[in-house]
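What follows is a short report on a single structure.
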Amino acid sequence: MKYDKEEKENRLLSTAFKLFTEKGIKNTSIQEIVDNANVAKGTFYLYFKDKYEIRDILIAKKSEKLFSDALASLRKNYIKNFSDQIIYIINYVIDELTKTPILLSFIYKNLSWGVYNRTVVKLYDNKEDKKDSIYNLFIDGVKENNLKLKNPDVTLFMIIELVGSTCFNSILYKEPLPIEEYKPYLYDTIRNMISV
């Protein structure tokens, strides 16, 4: 029974993502989502309040997965230097977003939700906070390296927002530069932010 519930929920999520990225959120109705997911309209409301809540959950989950995958990749490589670890993760995320511009267009304004918008994910996903996260890596790295950041939470938030907003233009429109040319400038700025 639980499997069936999860399966319906996952179908709604994947269908909504497909429709939102193809047609836009405004042009996608709940009826289209349920029809394409092959579930009853009432089933939608068992899981989600409206299409904006499913959008918020999708954004949070997709961006959280990006950072989780980046962290898993980091763990497979031996990188001791803290700023190199952060750059590795950011580079991984940028490369993934470059490969999937549809995902970039969907989450770029809210990339930080995968790290900070725990409210949306907690409401939806009653799992404990992950001990192994970019947030924990960053906060632990600041402490271990005795960095004198005024507010590490704000610094991490600013880094992620900087990446999301500037990489969107660089990847999709090659402004101010194509992404590979832009990365060194971005990484220098990030290193300066965490080498206080």
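Key figures
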| read-out | value |
| --- | --- |
| Verdict on Y185 being modelled with pLDDT of 95 or more and open to solvent by 60 Å² or more (accessible area, probe 1.4 Å) | yes |
| Test: residue in the stretch 66-75 that is touching a Gly at 6+ places or on another chain (Cβ under 7 Å), among the aromatic types (F, W, Y) and under 30 Å from E144 (Cα atoms) | yes |
| Residue tally, condition open to solvent by 20 Å² or more (accessible area, probe 1.4 Å) and not hydroxyl-bearing (S, T, Y), over the stretch 138-170 | 20 |
| Unique residue being within 30 Å of K143 (Cα to Cα), in a loop (DSSP other than H, G, I, E, B) and either in contact (Cβ under 8 Å) with a residue 12 or more places away in the chain or basic (K, R) (or both) when the list is K65, K80, K26 | K80 |
| Some residue of the stretch 80-89 being open to solvent by 30 Å² or more (accessible area, probe 1.4 Å) and more than 18 Å from L156 (Cα to Cα) | yes |
| Any chance V39 is buried (at least 17 other Cβ atoms within 10 Å of the Cβ) and part of a loop (DSSP other than H, G, I, E, B) | yes |
| Number of the condition not met by F44 [criteria: (1) surrounded by 14 or more Cβ atoms within 10 Å (Cβ to Cβ); (2) modelled with pLDDT under 95; (3) not small (G, A, S)] | (2) |
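The values are calculated or read from the model by the stated rules, or taken from the named source; none is laboratory data. What you see is a predicted model; the values in this text were computed from it and never measured. Every residue, glycine as well, gets a Cβ built from its backbone with ideal geometry; the counts of neighbours run over all protein chains shown. For accessibility, only protein heavy atoms count, side chains too; no ligands or nucleic acids. Shrake-Rupley method; radii C 1.70, N 1.55, O 1.52, S 1.80 Å.
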